[in-house]
1. Please note which strands (runs of 3 or more DSSP E) are completely contained in segment 1-107 and include at least 2 residues that are more than 19 Å from GLU117 (Cβ to Cβ).
2. Output the residue which, of all residues in segment 108-149 that are loosely packed, with under 13 Cβ neighbours inside 10 Å and of a type in the set (D, E, K, R), is farthest from ALA73 (Cα to Cα).
3. Identify, please: which residue in segment 39-84 is under 12 Å from the mean Cα position of the chain (by Cα) and basic (Lys, Arg) and is, among those, surrounded by the fewest Cβ atoms within 10 Å (Cβ to Cβ)?
4. Out of the residues in segment 108-121 that are of a type outside the set (A, V, I, L, M) and not in a helix (DSSP H, G or I), which is nearest to MET48 (Cα to Cα)?
5. Would a scan of segment 2-23 turn up a residue that is charged (D, E, K, R), over 15 Å from SER70 (Cα atoms), surrounded by fewer than 20 Cβ atoms within 10 Å (Cβ to Cβ) and without any contact (Cβ under 8 Å) to a residue 40 or more places away in the chain?
6. Taking segment 56-84 on its own, how many of its residues are over 28 Å from MET1 (Cα atoms) and of a type in the set (Lys, Arg)?
7. Check ASP129 against each of (1) within 23 Å of PRO20 (Cα to Cα); (2) modelled with pLDDT under 95 and name the one condition it does not meet.
8. Output the residue which, of all residues in segment 132-148 that are among the charged types (D, E, K, R) and more than 16 Å from GLU55 (Cα to Cα), is modelled with the lowest pLDDT.
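The values are calculated or read from the model by the stated rules, or taken from the named source; none is laboratory data. Keep in mind that this is a model prediction, so the values were computed, not measured. Reconstructed Cβ throughout: ideal geometry from the backbone, glycine too, with neighbour counts over all protein chains shown.
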Amino acid sequence: MSKPEIIVYTDGACSGNPGPGGWGVYLEFNGKSKTLSGSENPTTNNRMEMRAVIEALRALKKPCKAIIHSDSALIINTFTKGWIKGWLQKNWIKSDKKPVENRDLWEEMLVVMQQHEVVWVKVKGHSTDEKNNLVDRLAVEASKQAQKV
């Protein structure tokens, strides 16, 4: 039996880098949708992009085919260009011989990905994609809330 297919959009934002940050998620399944968001302070933009993917996958109640749309070249390339395989083979060392940044979140992402079939879709940020613009607004608003704390 095939896994249910869910559409996922994720984004992260940060005011300063590092600084207060936020993440946003849009989930769509069988014509129903849900949004999620959260924040951290201090953090970085990349950490918020990664946290959005982690929280999106964590929100799924059963194994799914998750079609994840992201404007983060780092996240998309990590999985579509096989960077993650190289990092794992080299004990989290990049091709430039430096340690992989945010290893804790990459490891967490790999754990939450295990039960799902993940398909990665690169979208252009700040463009005409309504759902990507929605998660951007959620992430920016969450980062503003983090500034107030």
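1. Numbers: elements: 5-14, 19-29, 32-43, 65-70.
By residue number, 5-14, 19-29, 32-43.
2. For segment 108-149, the residue satisfying everything is LYS148.
3. That would be ARG58.
4. TRP120
5. no
6. Final tally of qualifying residues: 1.
7. With (1) within 23 Å of PRO20 (Cα to Cα); (2) modelled with pLDDT under 95 applied to ASP129, the lone miss is (1).
8. Per the criteria, the residue is LYS148.
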